[in-house]
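*Asks:* For reference, the structure I am asking about is given below.
The values are calculated or read from the model by the stated rules, or taken from the named source; none is laboratory data. Just so it is clear, the model here is predicted, and its values are computed rather than measured. No Cβ is skipped: glycine too gets one built from the backbone with ideal geometry, and neighbour counts run over all protein chains shown. All accessible areas refer to the heavy atoms of the entire protein, side chains included, with ligands and DNA or RNA removed. Shrake-Rupley method; radii C 1.70, N 1.55, O 1.52, S 1.80 Å.
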Amino acid sequence: MQILSITLKNIKSHRDKELHFVKGINVLSGVNGVGKSTIFEAIGYALFGVDARDFVGNIERFITIGAKKGEIAVTFTSDSAETYRVSRSVGAGSKWLLAREIDGDFEVEDHSGAPETENRIKELLGLDSGRPLADQFKLVIGPFQNEFLGPFVLKQPTRRQEAFDEILGIDAWRKTYKGTSTLLKAVQSKIEVLTVEIEGKQEQVDTLPERQKELATLTTENEGQEKDLTGKEKSLAETDKQLAGLDEQEKTTNVVKSEIQVLENRIRDGEGKITDQNKRVEEAELALATIDKSKAGKEAFEGAEASLKALREQEKLQREIEKDITSLDKESTRLTQTLEHELREIEKTEKQLSEEESQLQKDRKALTADDNLSKTASRLLELRKEAEEIRKGQGLLDGRRAGLMEGKEKLAEGVCPFFKEECRNIEGIAPRDVFTARVDDLDKEILELEKRLAGLGQKIAEAEQAQHELDSLKVRTQELEKQLTGLTRRRDENNNRKRPLDGMKKQQAEAEQKALTRKEELKKFSKLETEIAKVEKLRIEHQAARDTFFANQKDALDLDNRRATLKEWTRLLEEIKTELAAKQKVLVKLDKDYDLKRHAEVRLAKEQLLAVVATIKQKIADLGKNRLRLEEEIKRLNKIQEEIKGKLAEKKILAGKAELVTFLRSKIFNNVSAQLSERFREEISLRADRIYRNIAETDEELHWGDKYQIVLRDMQDGTIRERSDDQLSGGQTMSAVVALRLALLQTIGARIAFFDEPTSNLDAARRENLAHAFRAIDVGREEVTEHWYDQLFLISHDIAFTEVTDQIISLES
C-alpha cells in the first residue's frame, strides 16, 4: 500500500496544509516548531484511529488556536491498487469516514460505526492481527518522538517485559490466568450438581434386592414347567417315531407304485422307438441297393472330371504361351522404336556440337589482343611508380617552403627560428630578406612537378584503360575455353550413347526369336477346345448317376449302425419288462405288511400330545414374560447403578480437571509467555543484528536478551564481552533501538513506518550509516534485510538523508 497525500485543516499550526508523498523514503525537514511531528500525529489520528489525547493532554490543543473544529484526510492506495480516502474530524461531533474512488470521485462506504470502519481499514492495510490499529501505531509503526526509545530503555525488567509482551501480543497468557478462575468455579459447581444427582439415583437402586428375589421365585416355577414339558415331549418323540415308521411304509408303497408306472410308460415308449428303427433299417437297405446300381455312372463321371481337369491345365498353359507371345512382340516393337529414336538423336546432337565448335573457334580468334594495347598496359606499373616519386618530391618541396616561410616570419621579429628565442647576432640590425628568392625557386620547382604529374596522370589513365580491356579479353577468352571444354565433354557423352545400342539390337533380335519359338509351341494346342467340349458332354451325361450315388451313400453306410441300434433297443425292452414284473411282486408284499388303521390311531395320538405340549409352552411363555419384566427392571436398576458409577467417575474426572486447572494456572500460564518471548527475541535478534552491523560498521553482535534487554557482544582479549544498559553509549543505544524497531516492523508485517528524529544521539558516521541502511532496505539489499515496506517516513534535520531519500518535504513556518 502507499499513502498518497494528507490534508490538514485547523490542526495545531497547520491551518490549511496539503502534502503529497512518494513510494519509498519521505523525509520531513524544517526548523523546530514548524509542525513536522504533527504530520505524523495526524496520520496516526486519521488512518490508524489514535485518540488525539494520546498526543496532547487536552483535545482542544490538537485544534488550531481560534478554530472550533479541525479535519484530517489521508489518501492512500491498497494492495489491490484501489484508491481510498479516510477522513476524521476533530472536535464536537467527530466523524471517521472511509471513501473509495470510483470514476474520479470518492464515494463514502456505509459503516455502522467506528469499529466497522477500523476493521475495514485493517483489511486494506493488511494489519488485521486482532490488536487495535491505534495500539499497533503507538507501539510499533509510529511511536511518538518522546517514546521512540520507550520500553527499550526502561530500567525495571518487569515493566520492560510487560511492555514488549503487549507489543508482541503474548500478554494474553497472563490474561488467560485470570480468566481460568471462572472456569475453576464452574467445574466445582458441576461437581456439586453431580453429587445431588448421585444421591437421587441411589434411592432407586435400593429396591434392587427385592426384585432379584421375585425373579428367583419365577425361575423355580419355570423350571417345574420345563420338567413337565420334557416328559410330554419324550412321549411325543416316541409317538413321532412310530408315526415315522408307518409314514415310511406308506411312502415306500407309493414309491414302488410310482416306479411301476414309470416302467410301464418306458415299455410303451420303447415299443414305439423299435417300430421307427425298423423303418430306418429298411430305408438303409434300399439306399444300399440304389448306390450299387448308380456306381458305374458315378465312376464314369469321376473319370470325365479328372480328364477335364487335365485339359484345363493344358488350357491354362495355352493362355500363358499366348500371353508370353504378346509380351515378346511388344518388347521387340519397343526396342526397335528406341533404337531408331536414339540413332536420330545422336546424329542430331553431333551436328549441333560441330556448329557450336565452329562458332567458338571464330569467337576465340576475334579476341586476340592488339600489340599496341598490350604495350600501353605493360607501362602502368612504371608510370604509377614515377607519379609516386613526383608526389614525394612535391612533399619535400612543400616542407622546405613552409620552413622558409616560418623562418622569414621569425627573423622579421628578431627571433631565432632554431632556438625559438631572440637572436642576439642581429640585435640592433635591420633584418635582411634571405628567403624570398629561395621561396620563388621552390615555387617554380613545385609548378614543374605539378605539370609533370598532370601529364603522368593522363598516361596512367590510358594505361589503366588498356589494362582493363586486356583483363576483359582474358575473362572472355577463359569463358570460351570453358565452353570448348564443355563441348568436348558433351561430344564424349554423345559418343558414349552409341555403346548400349549394340546390346539393344541384340535384345530386340532375341525377343523376336523367342516370340517365333513360342508361336511354334502354341500349335500343339489347336485341338484342345474340341477335346474339352467332348469331355464336358460326357460329364453331363453321368451327372445324375453321380448325384444319386452321393444322395443315398450316407444312409447305406449307416445300415450296420441302425441294425445294431435296433438289436440293443430290443434287448433293453426285455430287461424293462423283467424289472416291471419284479416291482409288481414287491408291491404285493408291501400292501400285505402296511396297516392303514394303526397309522390313523398313531397320527391322532400325536395330535393330542402336541396340544398338551403347546399348553405347557404357553405357561412357560407367560412365566418368561414376567421374568423378562423383572429382568428389564433389574437391568434398568443396574443401569442406574452404572450411571451412578459413571457420574462418580465424571465427578472424579472433574475433580482431576479442577486440579489440572489449578496446576495450569500456577505452573503453565505464567511460563508460556516466557517461551514465546524467547522465540520472538531470537527471530527479531537475527534481523536486527544485520541492520545494526550496517549502521554501526562494527563487529559487535546485537542480541535482544532476557527481559528484552539490549546486549552488545564482541571479542576482547580472546573472550566474549557483553555490555548492556548503562555500559552502552547513547549512540550505541540509539543504533540498537533503530535496528530492533525495524526488525519489529518486519516481524508484524507492517508495510509503512514512521521515525521521528531517529538520528538523535548518533555521531556523524552512524547517522550516515543509518541513512544508507534505510536506502539499502528500500532497494532490498540482502546484507541488511528483506525489502519489507512500501513507504518510510522520517523527520530529520540530518543532511545524510538528503542523499538517499526519494523525497524531501521542507516545512516552513
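*Asks:* Counting just the residues of region 651-684 that are open to solvent by less than 20 Å² (accessible area, probe 1.4 Å) and under 47 Å from the mean Cα position of the chain (by Cα), which one comes out modelled with the lowest pLDDT?
*Replies:* 673
*Asks:* Test of understanding: among 493, 521, 510, which residue is within 30 Å of residue 366 (Cβ to Cβ), more than 60 Å from the chain's Cα centre (by Cα) and of a type in the set (D, E, K, R)?
*Replies:* After ruling out the rest, the residue left standing is 493.
*Asks:* Any idea which of 318, 314 is modelled with pLDDT under 85, out of contact with any Gly (no Cβ under 9 Å at 6 or more places or on another chain) and either open to solvent by 70 Å² or more (accessible area, probe 1.4 Å) or among the small types (Gly, Ala, Ser) (or both)?
*Replies:* From the options 318, 314, the qualifying one is 314.
*Asks:* Okay, next question. Yes or no: region 28-35 includes at least one residue that is farther than 25 Å from residue 806 by Cα, buried (at least 17 other Cβ atoms within 10 Å of the Cβ) and aliphatic (A, V, I, L, M).
*Replies:* No, region 28-35 contains no residue that is farther than 25 Å from residue 806 by Cα, buried (at least 17 other Cβ atoms within 10 Å of the Cβ) and aliphatic (A, V, I, L, M).
*Asks:* Continuing with the same structure: With the structure loaded, tell me whether residue 595 is in contact (Cβ under 8 Å) with a residue 24 or more places away in the chain and of a type in the set (Asp, Glu) or whether it fails that test.
*Replies:* When the stated conditions are applied, residue 595 passes them.
*Asks:* (1) exposed (fewer than 15 other Cβ atoms within 10 Å of the Cβ); (2) touching a residue at least 24 places away in the same chain (Cβ under 8 Å); (3) over 47 Å from the mean Cα position of the chain (by Cα): which one isn't true of residue 5, the others all being true?
*Replies:* Going through the list (1) exposed (fewer than 15 other Cβ atoms within 10 Å of the Cβ); (2) touching a residue at least 24 places away in the same chain (Cβ under 8 Å); (3) over 47 Å from the mean Cα position of the chain (by Cα), residue 5 breaks only (3).
*Asks:* May I pose another question? Out of 521, 529, I need the residue that is modelled with pLDDT under 85 and open to solvent by 80 Å² or more (accessible area, probe 1.4 Å). Which one?
*Replies:* Values: 521 fails: open to solvent by 80 Å² or more (accessible area, probe 1.4 Å).
After ruling out the rest, the residue left standing is 529.
*Asks:* In addition: Of the conditions (1) surrounded by 14 or more Cβ atoms within 10 Å (Cβ to Cβ); (2) at pLDDT 85 or above, residue 590 clears all except one; give me its number.
*Replies:* (2)
*Asks:* Run residue 222 past the list (1) crowded, with 16+ Cβ neighbours inside 10 Å; (2) more than 56 Å from the chain's Cα centre (by Cα); (3) modelled with pLDDT under 80 and report the number of the one that doesn't hold.
*Replies:* In the conditions (1) crowded, with 16+ Cβ neighbours inside 10 Å; (2) more than 56 Å from the chain's Cα centre (by Cα); (3) modelled with pLDDT under 80, residue 222 misses (3) alone.
*Asks:* Something else now. Quickly run through region 562-592 and pick out the residues that are without any contact (Cβ under 8 Å) to a residue 40 or more places away in the chain and farther than 21 Å from residue 280 by Cβ.
*Replies:* Correct list: 575, 578, 581, 582, 585, 588, 589, 592.
*Asks:* Residue check, residue 808 against (1) assigned to a helix (DSSP H, G or I); (2) modelled with pLDDT of 80 or more; (3) aliphatic (A, V, I, L, M), all met but one. Which one?
*Replies:* With (1) assigned to a helix (DSSP H, G or I); (2) modelled with pLDDT of 80 or more; (3) aliphatic (A, V, I, L, M) applied to residue 808, the lone miss is (1).
*Asks:* Among what's in region 498-518 and is open to solvent by 80 Å² or more (accessible area, probe 1.4 Å) and charged (D, E, K, R), pick the residue that is nearest to residue 337 (Cα to Cα).
*Replies:* By that ranking, first place goes to 505.
*Asks:* Related question: Quick one: what pairs do we get from region 438-452, first residue part of a helix (DSSP H, G or I), second small (Gly, Ala, Ser), C-beta under 8 Å, 6+ apart or different chains?
*Replies:* These pairs meet every condition: 449/393.
*Asks:* Follow-up question, since we're still on this one. In region 329-368, what count of residues is obtained for those that are among the β-branched types (Val, Ile, Thr), closer than 14 Å to residue 481 by Cα and open to solvent by less than 50 Å² (accessible area, probe 1.4 Å)? Let's see the steps before the verdict.
*Replies:* In the first step, residues of region 329-368 are kept if they are among the β-branched types (Val, Ile, Thr); the result is 333, 336, 338, 346, 349, 368.
Right, trim to closer than 14 Å to residue 481 by Cα and you get 368.
The next check asks that each one be open to solvent by less than 50 Å² (accessible area, probe 1.4 Å); those that pass are none.
So the count comes out to 0.
*Asks:* Is it the case that some residue within region 552-571 is touching a helix residue (DSSP H, G or I) at 6+ places or on another chain (Cβ under 9 Å), open to solvent by 90 Å² or more (accessible area, probe 1.4 Å), part of a helix (DSSP H, G or I) and among the β-branched types (Val, Ile, Thr)?
*Replies:* Looking through region 552-571, none of the residues is touching a helix residue (DSSP H, G or I) at 6+ places or on another chain (Cβ under 9 Å), open to solvent by 90 Å² or more (accessible area, probe 1.4 Å), part of a helix (DSSP H, G or I) and among the β-branched types (Val, Ile, Thr).
*Asks:* Looking at 294, 307, which one is surrounded by 14 or more Cβ atoms within 10 Å (Cβ to Cβ), in contact with a Phe, Trp or Tyr (Cβ under 9 Å, 6 or more places away or on another chain) and either of a type in the set (Asp, Glu) or farther than 30 Å from residue 499 by Cα (or both)?
*Replies:* 294
*Asks:* Among 284, 289, 300, which is open to solvent by less than 60 Å² (accessible area, probe 1.4 Å), among the small types (Gly, Ala, Ser) and under 30 Å from residue 525 (Cβ atoms)?
*Replies:* Every option except 300 fails the conditions.
*Asks:* Tell me, which strands (runs of 3 or more DSSP E) lie completely within region 685-772 with 3 or more residues that are surrounded by fewer than 20 Cβ atoms within 10 Å (Cβ to Cβ), within 51 Å of the chain's Cα centre (by Cα) and at pLDDT 85 or above?
*Replies:* 710-716
*Asks:* Give the residue that is surrounded by the fewest Cβ atoms within 10 Å (Cβ to Cβ), with candidates limited to residues of region 68-94 that are touching a strand residue (DSSP E or B) at 6+ places or on another chain (Cβ under 8 Å) and modelled with pLDDT under 90.
*Replies:* 94
*Asks:* OK, next. Specify which of the listed residues (230, 195) is loosely packed, with under 11 Cβ neighbours inside 10 Å and not hydrophobic (A, V, I, L, M, F, W, C).
*Replies:* The match here is 230.
*Asks:* Any residue in region 33-42 that is in contact (Cβ under 8 Å) with a residue 12 or more places away in the chain, under 21 Å from residue 792 (Cβ atoms) and outside any helix (DSSP H, G or I)?
*Replies:* yes
*Asks:* Another question, if that's okay. Is at least one residue of region 271-280 open to solvent by 30 Å² or more (accessible area, probe 1.4 Å), touching a helix residue (DSSP H, G or I) at 6+ places or on another chain (Cβ under 9 Å) and among the β-branched types (Val, Ile, Thr)?
*Replies:* No.
*Asks:* Within the group 465, 458, 483, which residue is out of contact with any Lys or Arg (no Cβ under 9 Å at 6 or more places or on another chain), surrounded by fewer than 11 Cβ atoms within 10 Å (Cβ to Cβ) and in a helix (DSSP H, G or I)? Don't jump to the end; show me each part of the working.
*Replies:* Working: 465 fails: surrounded by fewer than 11 Cβ atoms within 10 Å (Cβ to Cβ); 483 fails: surrounded by fewer than 11 Cβ atoms within 10 Å (Cβ to Cβ).
Residue meeting the stated conditions: 458.
*Asks:* When you go through (1) at pLDDT 90 or above; (2) among the aromatic types (Phe, Trp, Tyr); (3) closer than 25 Å to residue 792 by Cα; (4) in contact with a strand residue (DSSP E or B) (Cβ under 9 Å, 6 or more places away or on another chain) one by one for residue 106, which number turns out not to apply?
*Replies:* If we test residue 106 against (1) at pLDDT 90 or above; (2) among the aromatic types (Phe, Trp, Tyr); (3) closer than 25 Å to residue 792 by Cα; (4) in contact with a strand residue (DSSP E or B) (Cβ under 9 Å, 6 or more places away or on another chain), just (3) comes out false.
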